[in-house]
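J.: First, the structure itself, so that you have it in front of you.
The values are calculated or read from the model by the stated rules, or taken from the named source; none is laboratory data. Only a predicted model underlies this, so the values are computations on that prediction, with no experimental measurement involved. Note that we place each Cβ from the backbone using ideal geometry, even for glycine, and neighbour counts take in every protein chain shown.
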Amino acid sequence: MLANLTGWHFVIILFIVLLLFGAPKLPGLAKSVGESMKIFKKEVREVSSDSDAASTAAPADATPAPASASAAGPAPAAEATAPRNDTA
């Protein structure tokens with residue numbers, strides 16, 4: 001559909017936009033469209049980098065290594081070195 005558009009079509013579309021929005025409103029319209037595109041591109045980059053990081057962090061065919069410490073039993077709890085004063 002867009003392949004059939006020629007230069008004259010774009011001139012006519014630009015003229016119609018100029019008539020609808022007026023010359024004073026066009027810079028504000030262009031600025032808001034530019035900011036929207038910048039935000040959209042930033043979000044797309046974040047999503048693609050998040051998905052890339054997730055795919056490289058945990059490969060699907062990797063198996064976890066066996067934990068040798070878990071077979072020996074739980075680790076003893078650390079005791080406090082300072083004496084307690086429970087006279088309150």
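J.: Could you please tell me which pairs satisfy a Cβ distance under 9 Å, a separation of 6+ or placement on different chains, a first residue in the range 1-13 that is modelled with pLDDT of 85 or more, and a second residue that is surrounded by 10 or more Cβ atoms within 10 Å (Cβ to Cβ)?
T.: Close Cβ pairs (under 9 Å, with a partner that is surrounded by 10 or more Cβ atoms within 10 Å (Cβ to Cβ)) amount to Ile13/Leu5.
J.: Here is a further query. Got at least one residue in the range 17-32 being in contact with a helix residue (DSSP H, G or I) (Cβ under 9 Å, 6 or more places away or on another chain) and among the β-branched types (Val, Ile, Thr)?
T.: Yes, the range 17-32 has at least one match.
J.: Going by the structure shown, is Arg45 farther than 30 Å from Leu14 by Cβ, basic (Lys, Arg), out of contact with any strand residue (DSSP E or B) (no Cβ under 8 Å at 6 or more places or on another chain) and at pLDDT below 80?
T.: Values: farther than 30 Å from Leu14 by Cβ: yes; basic (Lys, Arg): yes; out of contact with any strand residue (DSSP E or B) (no Cβ under 8 Å at 6 or more places or on another chain): yes; at pLDDT below 80: no.
So Arg45 fails the test.
J.: Please tell me if Ala69 is in a helix (DSSP H, G or I) and modelled with pLDDT under 65.
T.: yes
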